[in-house]
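What follows is a short report on a single structure.
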Amino acid sequence: MEELVWLIPALPLLGFVLLVLGGRRLGEPGAGYLATTMVAGSFIATVLVFVGLLGKDAEERLFEQTLFEWIPAGDFSVDVGFLADPLSITMALFITGISSLIHLYAIAYMHGDKDFSKFFVYMNLFVFSMLMLVLGDNLLITFLGWEGVGTCSYLLISFWFTDEANATAGKKAFVTNRVGDWGFMVATLLAFFTFGSINYGEMFSGADGMATSTATAITLLLLVGAAGKSAQFPLYLWLPDAMAGPTPVSALIHAATMVTGGVYLLTRVNPIIAEASSVAPDVIAWIGLFTALFAASIAVAQADIKKVLAYSTVSQLGFMFVAVGSGVYVAAIFHMVTHAFFKALLFLGAGSVIHGMDDEQDMEYYGGLRKFMPITAATMVVGWLAIAGVPPFSGFWSKDEILLGAYENNVVAWVLLLIAAILTAFYMSRLIFLTFFGERRWSDGDPEAHAAADEPVADDGARSFHPHEPSPLMWVPLVVLAGLALLGGLLNLPFTGDTKILEQWLEPSLFGNEHIATSGAAGKWTLAIMSIVAAVIGVIGAAAVYIRRRVDKSVVEQPILQDAWMVDDTVTSFMGGPGRKSFELVSWFDRTVIDGAVNGTAAVVRHGGLVLRRLQTGFVRSYAVGVGGGAVALLVYFLFRTTF
Amino acid sequence: MFFAQVAPDSIVTPDIAWTALVPHLVLAGGAILMLMVWSLAGRWLPRWLPSMVTAAVGLGAAIGSIHLWRRVTDADRGPFSAVADSVGIDGFSVFLTVVISLTVVFAALLADGYLRRERLDGPEYHVLLLLSAAGGVTMATANDLIVLFLGLEILSLAVYVLAGYHNRRAQSQEAAIKYFVLGAFSSAFLLYGIALTYGATGSTNLVDINAYLRSTVLVDDGLLLAGFALLLVGLGFKVSAVPFHTWTPDVYQGSPTPVVAFMASGVKAAGFAALLRVFVVTFGTYADDWKPILYALAVATLLVGAILAVVQNDVKRMLAYSSISHAGFMLIGVHAASADGTASVLYYLAVYSVLVIGSFAVVGVVSGTGDGATTVGDFAGLGARRPWLAFAFTVFLLAQAGVPLTTGFFAKFYAITAAVDGRSWALAIVAMLSAVIAAYLYLRIMIAMWLEGSDDDAPIRVPVGTVVVLGVAAAFTIGFGIFPEPIVDLARDATPALVNSP
């Protein structure tokens, strides 16, 4: 059934085309249901391919399907083809599955928006591009998908582009991603010159014994691309701002799928990383480690609920980079999947809260919401325990694998990562406590209830809120995702070889490059207990600050953390100060020399054109002179070439 | 009995492979039959019938070529000569026969609405169109310089008349006169070139000439090279290579728009067929002598076409100059003098024919009654008035500019690849430069259509035939821009050959 692989991206593409042609006529909610059906169909196709692959022996689970030769040109031939292997199908499974749920959620979330059908046009285009990214059998198709998801991301971030901030955020994402794309393109060229092909299969069979320096260069260039897409330091700046888009977009693109593209890419090229010098994986691991810590520390002090989740995503992606850098690719993919479950859940839950609270995103206005939104609260608690790393929730198992990998790679890295894990448990507990527990810090306009609240912290008096549970269309996806976030750990339980389902399944895609843990059972238990302790410390710490109020929250919420370590401001002021000066120089150069050259060329073309135009008199006699003159010129030329 | 004794039996008629001549016979026979039927019964026949019949005839000729394609691409049978070594059937000729036949179909469909709008309808246009296409097919299959000349004249005479077909429009008359005078002038060059070649090689048959030049070293090649020069003038005129291009803008601007669509596609295809067969195939051994001059012609054609296109204000003139610059791209393929180069020209001709017909189809409906509204200003606001029309034109313009995911991209890509493979770096750079300059003009039309407003709200009628042409052309351009392989493979398999009758 793996021949059906073309159907996986084809269905969302069909949805996109149908919506472009008739989306407006379908209107609301028809357009949303059409889009959801297409993505759900794509999920079913993925399941069929998955079943097809399962029916084969492990080493035969690589199915390549070439649709057609796209650029047939001698040496440089690029096919449009798909590669269905355990890695790509794992990705496709959770991408289409979560996309279906989020599409369903968005039908209710985008209710009443004037561009309802346009939203689903972009969403289906996004799913198509994302599937091209993961299913492509060569770097160019992956790159096309890569650009496609980027484009959809900008379009959706600035979906409400009447809003100045949203349009700016879209631009920021665009510019940052250009840096990453540059790395990807140069790496593609380098791969072509090295292997003579950019097809994954051909590249990997040629990778054995390639020059270490080339492998290192390709790895590091791809890392630049991956860091841009997966928001790693210092290319993370765009992701927190990307939260300006509608919340289902944040859940789908900026948490579950697109941002994991970088991790996928690095996992895909594992045979090349294996040939690179050991510096390359170390760089990957340390970038991930720094990002994980750095972003987690910022998340601790954010007031905007979506900003907390955004920095949390950056931090969790850092965990996955650590896993890739430590050679535990299975842990990276495992965490990617569980993270997709619980982070999509948390975002959708946050969306439900924002929806119920009249689009208010500041947690200072929340508090005690669990009584008003029980389903949202219960599902988000599941997400919280999963990301905090409390067993038996899914996040515990996947994070534990990464910590084990980091420990065996470098003990210092393990310690730092454990601190990041404590911070994770802390900031997520803070989010849950501030939102669902404690006293109400909002008013429903009823003076009595208002008086009952203990000192309202941020009551502006003028606004009243009526929090309520959203429609079933929104909470059903929450419940499904909560189930997945709870049980996701079953994919790869570390007890015996047989329970490591994901590890066995992914084996053919990893070509034996997976680092196999060497620690004994005692060591593993100790590490697991340490990570449980870390989670508990984080939760208790947050409870002490935000529920029991033993410590004032100003101790935790340092201004520098609220300002995200001033990086954004520094960049801005640098751009305004010395940076601006140098840019002015560049711009002067651009204006005078480059533009001068361009305008000069245009002027020469125009002027030359006007001169030549005078030759076009309209008189037959002068045209005949032209033909005759040309004939004389040709004759003279050939006469000089004759041999007599 | 008596006559049989007197008649000399020394005239031996050659064997004719009639089945190989199906496209020729369908086109020419269709024209003659149509003329007869309409002169006898024209008044009782509906007004839309001529263009439908012509389209059917063109389609018939294309379908009649399919069995030939099977035959010549079959390894066991291969190319062959249909009539006395002078009409050769090979992949190359069949490919171009199909291209020319299909341009007839398009030109006929476009003409239907146009001729009725201009009150010019009648069978004459279609008869001339079919005759001209028959001449073009003869040129594509010619294996003898005399047959080539015959084909060229059949083609040209019909097109001269078609250029002046709009008898109430002075520009149309002017175009016909200019085209005729200059065309006759250039035909004279061609004929003289044939004579000189005959003098140098002792034959007008391309197979014999090729064999002779392969086996003999000419002590004095002056006559032959002078023949090259004059043949190039004659054929360069037909494909509008600079400096033999001067007629192009005036004739394109003045002639009825469906005729221009045919001139820029079918006529050009026939011209390149002759150029490739005579120079690349027959005079291949002398490539070192003629390549530099084709290099110069290609550079001049690329640059002059693009630069002059930019300073025009009339869309028909713009497209005329842009067609000159496209001819420059095809000349690159001729200059390469290689199998890939020939394939690149064939691919270019096939996809460019569709693009240019689609473009002139849009111009033909926007120009309105009288065929006069063709300035850039007349296209302002088209995006708001007729979005689908503007969309189709945008597709054709983007493809002409060589934007990826359209057929135009691959056309330019293969032309430039042919130059790079031949190590003509400078030529490749000039080609890219020309593409950049020309992109400006396509953008200018697109900006006018989409971004500029217009207070002209006169309705634009798009006849059914034109809708069909636009739809097919746009689908072709985008479809084969995404899946280029089928056309590329056909162009690669369409190899020219020179073979005698067994």
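The values are calculated or read from the model by the stated rules, or taken from the named source; none is laboratory data. Fair warning: this is a prediction, and the values are worked out from it, not measured in the lab. Glycine also receives a Cβ, built like all others from the backbone with ideal geometry; neighbour counts cover every protein chain displayed. With ligands, DNA and RNA removed, areas are computed over all heavy atoms of the protein, side chains included. Shrake-Rupley method; radii C 1.70, N 1.55, O 1.52, S 1.80 Å.
Things worth noting here:
- Extension gain (nm, one decimal) between A:SER464 and A:LEU561, 0.36 nm per residue minus Cα-Cα: 31.9 nm
- Pairwise label distance in nanometres, B:ARG119 with A:THR212, each label 7 Å out on the Cα-Cβ vector: 8.8 nm
- Computed Rg/Rh of chain A, alpha carbon atoms with Kirkwood Rh: 1.06
- Model label points for A:THR151 and B:VAL181, set 7 angstrom from Cα along the Cα-to-Cβ axis, are 5.2 nm apart.
- Inter-site label distance for B:MET432 and A:THR66 at 7 Å from Cα along Cβ, in nm: 2.8 nm
- Note on A:ALA378/A:ASP568: beta-carbon distance plugged into 1/(1 + (r/R0)^6) with R0 of 60 Å gives a FRET efficiency of 0.95.
- Over all pairs of different C-alpha atoms in the stretch A:1-137, the reciprocal of the mean inverse distance, the Kirkwood hydrodynamic radius, equals 15.6 Å.
- Structure-based [θ]222 nm, the protein assembly as shown - -39500 (n - 2.57) summed over DSSP H runs of at least 4, per residue, nearest 500: -23500 deg cm²/dmol
- Environment charge at B:SER501 (Cβ cut-off 13 Å; Lys +1, Arg +1, Asp -1, Glu -1): -4
- For the stretch A:1-62, alpha-carbon Rg and Dmax in angstrom: 15.0, 49
- Overall Cα dimensions of the stretch A:597-643 - principal axes, largest extent first, Å: 47, 30, 7
- Zone residues, the stretch B:180-213, relative to B:ILE11, backbone N less than 17 Å from point 7 Å out along Cα-to-Cβ: none
- Straight-distance candidates among the lysines for linking to A:LYS581, with alpha-carbon spacing under 23 Å and chain neighbours fewer than 8 residues away dropped: A:LYS171, A:LYS172.
- Each residue of the stretch B:428-437 is assigned a 3J(HN,Hα), and the resulting list reads 4, 5, 4, 4, 5, 4, 4, 5, 5, 4 Hz, derived from the Karplus form 6.51 cos²θ - 1.76 cosθ + 1.60 (θ = phi - 60°), x at Gly and Pro.
- In order along the stretch B:170-180, the phi-based Karplus estimate (6.51 cos²θ - 1.76 cosθ + 1.60, θ = phi - 60°) of 3J(HN,Hα) comes to 4, 4, 5, 4, 4, 4, 5, 5, 4, 4, 5 Hz; Gly and Pro are listed as x.
- Calculated from backbone phi, Karplus (6.51, -1.76, 1.60) coupling profile of the stretch B:300-310 in Hz, x at Gly/Pro: 4, 5, 4, 6, 4, x, 5, 5, 5, 4, 5
- Per residue convex hull volume, Cα atoms of the stretch B:260-385, in Å³: 96 Å³
- Cα-based shape type of the stretch A:268-342, given that a ≥ b ≥ c are square roots of the gyration tensor eigenvalues and the cut on a/c is 1.5: oblate
- Relative contact order (%) - chain A, alpha-carbon pairs under 8 angstrom, separation at least six: 12 percent
- Qualifying trypsin sites (Lys or Arg not before Pro) in the stretch B:25-82, DSSP loop, other Cβ atoms within 10 Å at most 10: B:ARG77
- The residues neighbouring B:VAL87, those whose beta-carbon lies less than 15 Å from its own, together hold a net charge of -3 under the Lys/Arg +1, Asp/Glu -1 convention.
- Förster radius 22 Å - calculated FRET efficiency between A:ALA603 and A:VAL625 (Cβ-Cβ, nearest 0.05): 0.15
- Geometric descriptor of the stretch B:36-108, per residue, is 103 Å³ (volume of the convex hull of the Cα atoms).
- The local environment of A:ILE387, defined by Cβ-Cβ distances under 12 Å, has a net charge of +2 under the rule Lys, Arg +1 and Asp, Glu -1.
- Partner lysines whose Cα lies under 26 Å from the Cα of A:LYS500, excluding those fewer than 8 positions away in the same chain, are identified as A:LYS56, A:LYS343, A:LYS399, A:LYS524.
- Residues of the stretch A:606-641 that lose at least 50 Å² of accessible area (1.4 Å probe, protein heavy atoms only) when the other protein chains are present, relative to their chain alone, are A:ARG606, A:LEU612, A:ARG613, A:GLN616, A:VAL620, A:TYR623, A:VAL627, A:LEU634, A:LEU635, A:TYR637, A:PHE638, A:ARG641.
- Within chain B, the ratio Rg/Rh, alpha carbon atoms throughout and Rh by Kirkwood, equals 0.97.
- FRET efficiency for the B:ILE478 to A:VAL279 pair, using the beta carbon distance and R₀ = 56 Å, is estimated at 0.75.
- The per residue volume of the convex hull around the alpha-carbon atoms of the protein assembly as shown is 215 Å³.
- Size of the A/B contact, given as accessible area buried on both chains, probe 1.4 Å, in Å²: 3500 Å²
- Added length on full extension, which subtracts the Cα-Cα distance from 0.36 nm per residue, A:VAL479 to A:GLU202: 95.4 nm
- Prolate/oblate/rounded label for the stretch B:1-137 (Cα gyration tensor, a/c 1.5): oblate
- Pairs exceeding 21 Å between alpha-carbon atoms, taken from B:LYS268/B:LYS412; B:LYS178/B:LYS316; A:LYS118/A:LYS307; A:LYS229/A:LYS307: A:LYS118/A:LYS307.
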